[in-house]
Amino acid sequence: MIFNCQKYENMKLQGSVLRIEKSSIYDGDGLRTVVFMKGCPLRCQWCSTPESHHKKIQTTVDGSITYGQIMTVEEVMIEVRKDSLFYFNSGGGMTVSGGEILAQPEFVYNLVRRACHEGIDTCIETSFYGKWDDINRILGCTDTAFVDMKLMDPEAHKKYIGVPNDLILSNIRKAGAEKKKNRKLIIRRPLIPGVNDSRQDLELLGQFLAGLPGVDHLQLLPYHRLGTDTYRKLGMTYQLPDTETPSDEHMEWCRSIANKYIETIV
């Protein structure tokens with residue numbers, strides 16, 4: 001049962017929120033309210049939300065659009081509670097996404113903890129690029145965690161993502177070391193043609209995940225060019241202008257490789 005106490009710990013804690021989207025069906029089970037946070041230390045060349053890179057509130061070059069607002073935990077929860085009836089009827093809940101949620105770990109922890117306390121199903125979307133203590137604390141209040149694994153090769157990861165992948169791999173090993181009864185850990189791989197869709201990288205990905213009993217399954221997501229117009233509005237340059245969306249046949253080929261090691265869903 002969802003309820004609202006007048007006061008609770010850290011209800012006035014502030015975070016930089018990009019936006020809140022209602023009735024999503026792509027960010028976890030059922031109908032969900034998705035809270036997108038601002039701030040991300042990664043710089044994926046195919047990022048579809050460049051407006052989430054920085055924690056600060058931003059405006060477009062012409063000043064017509066503002067991205068983000070400062071909100072308290074309780075102000076976010078007020079919006080989340082509005083659709084509580086849909087959560088229970090559909091098996092949905094609240095998803096916290098980014099940007100990178102670990103750029104604001106204290107705010108995200110208090111948000112998912114409060115939702116969990118009120119009986120709202122919680123889901124996070126993250127790269128696991130952050131401190132393990134922050135991740136472990138957030139996972140303790142999380143029903144489903146979607147974790148992106150973008151590249152296995154460390155040099156390619158640094159080139160296309162802007163940071164090394166050793167911290168990410170270490171955190172995934174820790175989170176996936178054992179299966180948790182009340183939590184799903186799902187790995188996602190956005191497939192970028194010519195970047196991370198080779199047989200070798202998919203083999204390495206499958207082999208890595210095969211040794212982690214706590215990983216539920218792997219999702220392969222096709223590259224898309226959503227968000228490219230936002231780069232223009234912010235005066236930024238999109239890094240992969242000539243990359244095309246992979247065909248259904250290629251997606252199935254990629255699935256067949258990874259599926260030798262772990263259940264894989266396209």
>> Please report the net charge: other residues with Cβ closer than 14 Å to the Cβ of LYS233, K and R +1, D and E -1.
In response: -2
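Normalised by the residues of the chain, what does the relative contact order come to in percent, with Cα pairs under 8 Å and at least six apart?
With pairs under 8 Å counted, the relative contact order is 18 percent.
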>> Can you tell me how segment 156-266 classifies by the Cα gyration tensor, rounded, prolate or oblate, using a/c under 1.5 as the rounded cut?
In response: prolate
>> Under 18 Å from a point placed 7 Å out from the Cα of ILE265 along the Cα-to-Cβ direction: which residues of segment 131-145 have their backbone N that close?
In response: 143-145
>> If I model a spin label at GLN239 and HIS217 as a point 7 Å from the Cα along the Cα→Cβ vector, what separation in nanometres do I get?
In response: 3.1 nm
> Looking only at MET37, MET149, MET236, which one moves most when the chain is put into a Gaussian network model with springs between Cα atoms under 10 Å?
Replying inline: MET236
> According to a simple spin-label model (label point 7 Å from Cα along Cα-to-Cβ), what is the distance in nm between MET11 and ARG43?
Replying inline: 4.2 nm
>> When a/c reaches 1.5 or more, the comparison of a/b and b/c decides; with that in mind, is segment 14-265 rounded, prolate or oblate per its Cα gyration tensor?
In response: oblate
> If amide H atoms are built 1.01 Å from N in the plane of the peptide, which residues on other chains or at least 5 residues away come under 5 Å of the amide H of VAL96?
Replying inline: VAL35, CYS123, ILE124, GLU125
> Antiparallel as a % of all DSSP beta bridges within segment 14-265, to the nearest 5?
Replying inline: 30 percent
>> With just the Cα atoms defining each centre, how far is segment 146-188 from segment 218-249? Give it in Å.
In response: 21 Å
> Between segment 1-78 and segment 95-126, what's the alpha-carbon centroid distance in Å?
Replying inline: 10 Å
>> On a 20 Å Cα-Cα criterion, which of the cross-link pairs LYS82/LYS184; LYS22/LYS82; LYS150/LYS174; LYS22/LYS56; LYS22/LYS131; LYS131/LYS174 come out too long?
In response: LYS82/LYS184; LYS22/LYS56; LYS22/LYS131
> Counting only the backbone N, which residues of segment 94-116 are under 17 Å from the spot 7 Å out from the Cα of ILE78 toward its beta-carbon?
Replying inline: 111, 115
> Cα convex hull of segment 1-104: how many Å³ per residue?
Replying inline: 119 Å³
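Each reported figure results from applying straightforward, stated rules to the coordinates on display, with no laboratory input. What you are looking at is a predicted structure, and each value in this text was computed from that prediction instead of being measured. No Cβ is skipped: glycine too gets one built from the backbone with ideal geometry, and neighbour counts run over all protein chains shown.
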